[in-house]
Every structure is written in structure tokens, then in C-alpha cells.
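Q: Below is one structure. I have some questions about it.
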Amino acid sequence: MDVSGIFSDDQMAVIGCFLAIAVCGFIAALSFQFGPAGRQQKQIEATRSRTISVGRPQDDSQHQDRRAA
């Protein structure tokens, strides 16, 4: 299919930019899903779903492993 006859050069450039942004977003989503941040998020969600506190509010400061510099 010859798209150069359908779209002008400027339109092809805009389509190419949107396609590049979509590909980068997809790669970023995959990176988060399979990277350390995604695994940590899954562990936090699993811990919260197993632990149900009935009488007192849950203190989220105990679940954070990071500290300010």
C-alpha cells in the first residue's frame, strides 16, 4: 500500500510522531510490568489484600522501605 500518495509529507511526519509516542508508551508499560517497580507494587497489593484490619486504621508508614535523603 502506497501511503505517500494518500498523505502529505507533513501528515506522514505527524503520524510517525504519534506512532513513535505509542511505541514508547507500550515499552514503558512493559518495563513497569516486568521491572522491579511493578514487582514491588504487586507485593504491596498482595500484602494489603491479605492483611485486613478491623478496628484500627492501617499505618502506611510501616510499609514504606524508602527514606528521604
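Q: Taking the Cβ of each residue in 44, 21 as the centre, tally the other Cβ atoms inside 10 Å and list the residues starting with the fewest.
A: Numbers: 44 13, 21 10.
The order, fewest Cβ neighbours first, is 21, 44.
Q: Read phi for every residue in segment 18-26 and hand back ³J(HN,Hα) as whole Hz from Karplus 6.51 cos²θ - 1.76 cosθ + 1.60, θ = phi - 60°, with x for Gly and Pro.
A: In residue order, the calculated couplings are 4, 5, 5, 5, 5, 5, 5, x, 5 Hz.
Bear in mind that the values in this text are calculations on the coordinates, not laboratory data. As the structure is a computational prediction, the values presented were derived from the model and not from experiment. Reconstructed Cβ throughout: ideal geometry from the backbone, glycine too, with neighbour counts over all protein chains shown.
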